[in-house]
Amino acid sequence: MTQDRCAPAADRLLVAQLTGTARHHARWRDLTADEQAAAVTELRDLAAGRADLLAQVCGIFEGASEGRHDEPLARQAAALFRLAGADDTLIPQWAAEGRRRAQGARQPPHGGLPT
């Protein structure tokens with residue numbers, strides 16, 4: 001899989017914008033139809049046809065949030081990406097990457113030489 005850190009700077013910036021926009025719209029309750037439509041429109045406009053990046057952020061949200069307290073928010077955000085046109089064929093590989101990143105983040109920091 002191509003790691004997103006190897007992506008062009010413009011793609012990384014767009015991924016950050018998409019992530020922030022989805023987090024802004026996600027709620028601890030169901031979105032109203034108007035809220036959902038506004039969120040999907042904003043994501044679609046930001047992505048400008050980049051279904052691959054919508055899928056990347058969707059998958060990362062899904063994979064990295066599994067079992068976490070904020071999983072419902074992440075699932076809602078992921079649903080918005082799907083509605084905005086994320087490439088469904090790419091989401092599973094990005095969900096796996098999200099799980100990998102979450103597992104790595106739970107590792108204790110390296111404390112020096114092994115004993």
Can you pull the three principal axis extents for the Cα set of the chain, in Å, largest first?
-> 58, 33, 22
What is region 6-68 by shape, rounded, prolate or oblate, if you read a ≥ b ≥ c off the alpha carbon gyration tensor as root eigenvalues and call it rounded for a/c under 1.5, prolate for a/b larger than b/c, and oblate otherwise?
-> oblate
At most 14 other Cβ atoms within 10 Å and a DSSP loop assignment: could you name the GluC sites (Glu not before Pro) in region 29-115 that fit?
-> GLU66
At 7 Å along the Cα-to-beta-carbon direction for both GLN93 and HIS69, put a label point, then send me their distance in nm to one decimal.
-> 3.5
Rough spin-label spacing in nm, given labels placed 7 Å along Cα→Cβ, for ALA105 and GLN17 | 2.3
With every protein chain left in place, what is the accessible area per residue of the chain in square angstrom, probe 1.4 Å?
-> 60
Residue by residue, what Karplus-based ³J(HN,Hα) values in Hz, rounded to whole numbers, does region 46-53 have, using 6.51, -1.76 and 1.60 with θ = phi - 60° and x for Gly and Pro?
-> 4, 5, 6, x, 8, 4, 5, 6
For ALA7 and ASP34, what is the calculated FRET efficiency with R₀ set at 25 Å and r taken between the beta-carbons, to the nearest 0.05?
-> 0.15
With Cα coordinates, the longest principal axis of the chain makes an angle with the long axis of helix 91-105, in degrees rounded to 10, of 40
Order THR89, THR19, most accessible first, counting only protein heavy atoms with a 1.4 angstrom probe.
-> THR89, THR19
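The values are calculated or read from the model by the stated rules, or taken from the named source; none is laboratory data. Predicted model only: the values in this text are computed from it and were never measured. Note that each Cβ is placed from the backbone with ideal geometry, even for glycine, and that neighbours are counted across all protein chains shown. Note: accessible area is taken over every heavy atom of the protein model, side chains too, but ligands, DNA and RNA are not part of it. Shrake-Rupley method; radii C 1.70, N 1.55, O 1.52, S 1.80 Å.
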